1. Out of PHE83, PHE113, which single residue is farther than 22 Å from PRO137 by Cα, aromatic (Phe, Trp, Tyr) and touching a Phe, Trp or Tyr at 6+ places or on another chain (Cβ under 6 Å)?
2. Would you pick out the residues in region 257-290 that are touching a residue at least 60 places away in the same chain (Cβ under 8 Å), crowded, with 17+ Cβ neighbours inside 10 Å and either in contact with a Lys or Arg (Cβ under 6 Å, 6 or more places away or on another chain) or assigned to a helix (DSSP H, G or I) (or both)?
3. May I ask you to verify whether LYS49 is among the basic types (Lys, Arg) and closer than 30 Å to ASP283 by Cβ?
4. Among the residues of region 1-41, which ones are modelled with pLDDT of 95 or more, aliphatic (A, V, I, L, M) and part of a loop (DSSP other than H, G, I, E, B)?
5. Suppose we filter region 361-388 for residues that are more than 17 Å from GLY135 (Cβ to Cβ), under 20 Å from the mean Cα position of the chain (by Cα) and among the acidic types (Asp, Glu); how many remain?
6. Of (1) under 19 Å from the mean Cα position of the chain (by Cα); (2) crowded, with 21+ Cβ neighbours inside 10 Å; (3) within 21 Å of GLN201 (Cβ to Cβ), ARG166 satisfies all except one. Which?
7. Within region 306-324, is there a residue that is outside any helix (DSSP H, G or I) and crowded, with 17+ Cβ neighbours inside 10 Å?
8. Which pairs have Cβ atoms under 7 Å, sit 6 or more apart or on different chains, and link a residue in region 376-388 that is of a type in the set (Lys, Arg) to one that is assigned to a helix (DSSP H, G or I) and at pLDDT 95 or above?
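The values are calculated or read from the model by the stated rules, or taken from the named source; none is laboratory data. None of the values given here were measured: they were computed from a predicted structure. Heads up, the Cβs are rebuilt from the backbone with ideal geometry, glycines too, and the neighbour counts pull from every protein chain shown.
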Amino acid sequence: MTISNQSFNEASADIKPFRISIPQADLDELQFRLSRTRWPEAFSDKGWKYGVSLEYVKELATYWQNEYNWRKHEARLNEYPQFMTTIDGAQIHFLHVRSPEPDAFPLLLTHAFPSSIVEFLELIGPLSDPRKYGGDPANAFHLVIPSVPGFGFSGSSLEQGWNIARIARAFDTLMKRLGYKEYGAHGSDCGALVSRELGLQEPEGLRGIHVLQLFSFPTGDPAEMADLSEEEMKRLQFLSNFQERAGFNSIQSTRPQTLSYGLADSPVGQLAWIAELFNGFGDHVDAIDRDAFLTNVSLYWLTNTAESSARLYYENAHIEGQEPQRPNAIQTGVAVCGDDFKSIKRFAQRDNTNIVHWSEFERGTHFAAMDAPDLLVPDIQAFFRRFR
């Protein structure tokens, strides 16, 4: 069995049910602010060269104001059981979707930046109830999907020091608080970092991790570069191109509070900031469903978590007394997507010594759970099948 002898109610004495209910006044204010946007005198014919395209943001803001229906998507989110709990002083919001299959395997899903629980909506049904979706019920999961501290309904009231390591410890506590004796973890971006950090911490009961990226890079040793293949060189060039455009990383790692004044005051500013990554700096525009994207943006705006979510980058870049990191030795699976940062296997294996599953797909972005769930679901199922 993967859950303790306690019933869910007994195991969750410190857990309270939660339901999303945004005040209408907040939605009215959003509409007003969108109607009063002051647009920059930006280039209108340079595409995404200088940043997010002006035409794209104007079009999406108009859709957000006139056609997007928050209440529709709020109702969809509320179809899933949601809860609040406090761990290490932080409020943590999470979805807990138990499978109808009694022997389902517990799985922690951690979202990316600038993402949210919305990232996993298309995975919930096929992973928790594969029988209903024409799949093998033996592949079922109990799903725990937290809002990362500082993100969404986990709220903006967060003390200093909430870096990836602390988040990983909190999420292990959450899984044990729910009564799970063993579990797996999956994530992309921030979620991949949290999953790998769990592997480094090796908490009791963690069986394996599945990620979309392993952020392993050359150390600068010329010997590492001597026999790189043409494909590996292309992946390094992709990384170089990313670094040239990743201004968000620099400012959030150094001055996130300065940035937050603009994002917290302008819904279009928040929209553009999130659109940069969701569209791959213009490399794959509108790969993700527009309503799903705007639901994600709306969560950031309506919960006022621009500052607290951006601060995660600062916390990770300013860890005092950090020791050299040892390799991750837990069983690890990787799914490399065609429109995403492409992990380089030789460097990944250097830093992760127990990679037992490696898949390569021609499509899928950094947020593959949203735009390629048909690829990701069977890959997650295949990796975790070994632990059942």
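1. None of the others qualify; the one that does is PHE83.
2. PRO267, VAL268, LEU271, ALA272, TRP273, ILE274, ALA275, GLU276, LEU277, PHE278, GLY280, PHE281 - these are the residues of region 257-290 that are touching a residue at least 60 places away in the same chain (Cβ under 8 Å), crowded, with 17+ Cβ neighbours inside 10 Å and either in contact with a Lys or Arg (Cβ under 6 Å, 6 or more places away or on another chain) or assigned to a helix (DSSP H, G or I) (or both).
3. yes
4. Result: ILE15, ILE20, ILE22.
5. Count: 1.
6. The failed condition is (2).
7. The first filter runs over region 306-324 and keeps only residues outside any helix (DSSP H, G or I), leaving 318-324.
Among the residues that remain, those that are also crowded, with 17+ Cβ neighbours inside 10 Å are: none.
No; the residues of region 306-324 include none that is outside any helix (DSSP H, G or I) and crowded, with 17+ Cβ neighbours inside 10 Å.
8. Filtered contacts from region 376-388: ARG385/ASN139; ARG388/ALA138.
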